[in-house]
Amino acid sequence: MNVLLPSALRSYTGETQITATGDSLNELFAELERRYPGLRFRVVDEQNQLRPNMRIFVNGVGVRDLSHALAPNDFVAIVLALSGG
C-alpha cells in the first residue's frame, strides 16, 4: 500500500510517500518501525493510541482504531494536525 507522510516524519524516511505492508494499522506501524526506527513513537503513544495531534486517513476516511484492517491497495495518509490559536 502507499503511505503518505507529513513533513515531520520525512526525516525518518527521506521520502514524501513510501510503500509498505500490513493487515492492520498496528502491523503497518510495526513494519514502519522496523524500517525507520523511531517513526512509530512519533505517531503512536505508550498506550498504543494515536497521539492527539496525529490523524490517519485510509482511502480518505479518518481512522483512529489501530486494529483497523488494511488491504494491499489501500492509501494511508498520516497527517499532523495543527494546533494553536
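A short reminder: the numbers here are calculations on the coordinates, not readings from a lab. Everything quoted here is computed from the prediction, not taken from an experiment. Positions of Cβ are generated from backbone atoms using ideal geometry, with glycine treated the same way; all protein chains shown enter the neighbour counts.
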Q: Go over the candidates Asp23, Asp45, Asp65, Asp74 one by one and state the one that is of a type in the set (Asp, Glu) and free of Cβ contacts under 8 Å to residues at least 40 places away in the same chain.
A: Asp45
Q.
Just to check your reading of the model, which residue among Ile78, Ile18 is crowded, with 16+ Cβ neighbours inside 10 Å, part of a strand (DSSP E or B) and within 10 Å of the chain's Cα centre (by Cα)?
A. Ile78
Q.
Can you tell me which condition Leu9 does not meet? The list is (1) part of a helix (DSSP H, G or I); (2) out of contact with any Phe, Trp or Tyr (no Cβ under 9 Å at 6 or more places or on another chain), and all the others hold.
A. (2)
Q. Looking at (1) touching a Leu at 6+ places or on another chain (Cβ under 8 Å); (2) more than 14 Å from Ala77 (Cα to Cα), can you tell me which one Ile56 breaks?
A. (2)
Q) Counting only residues that are in a helix (DSSP H, G or I) and buried (at least 18 other Cβ atoms within 10 Å of the Cβ), how many does the stretch 21-32 have? A) 4
Q. Are there any pairs, at least 6 apart or on different chains, whose C-beta atoms fall under 8 Å, with the first in the stretch 1-15 and in contact (Cβ under 8 Å) with a residue 60 or more places away in the chain and the second β-branched (Val, Ile, Thr) and assigned to a helix (DSSP H, G or I), and if so, which?
A. Leu5/Thr13; Leu9/Val43
Q) Consider Gly38 against the criteria (1) under 18 Å from Arg10 (Cα atoms); (2) under 11 Å from the mean Cα position of the chain (by Cα): it satisfies all of them except one. Which criterion is unmet? A) (2)
Q. Could you count how many residues in the stretch 1-12 are more than 11 Å from Leu70 (Cβ to Cβ) and crowded, with 16+ Cβ neighbours inside 10 Å?
A. 4
Q: Determine whether Arg35 is surrounded by fewer than 13 Cβ atoms within 10 Å (Cβ to Cβ) and either among the charged types (D, E, K, R) or in contact (Cβ under 8 Å) with a residue 60 or more places away in the chain (or both).
A: yes
Q: May I ask you to verify whether Pro72 is over 16 Å from Val3 (Cβ atoms), out of contact with any helix residue (DSSP H, G or I) (no Cβ under 8 Å at 6 or more places or on another chain) and not in a strand (DSSP E or B)?
A: no
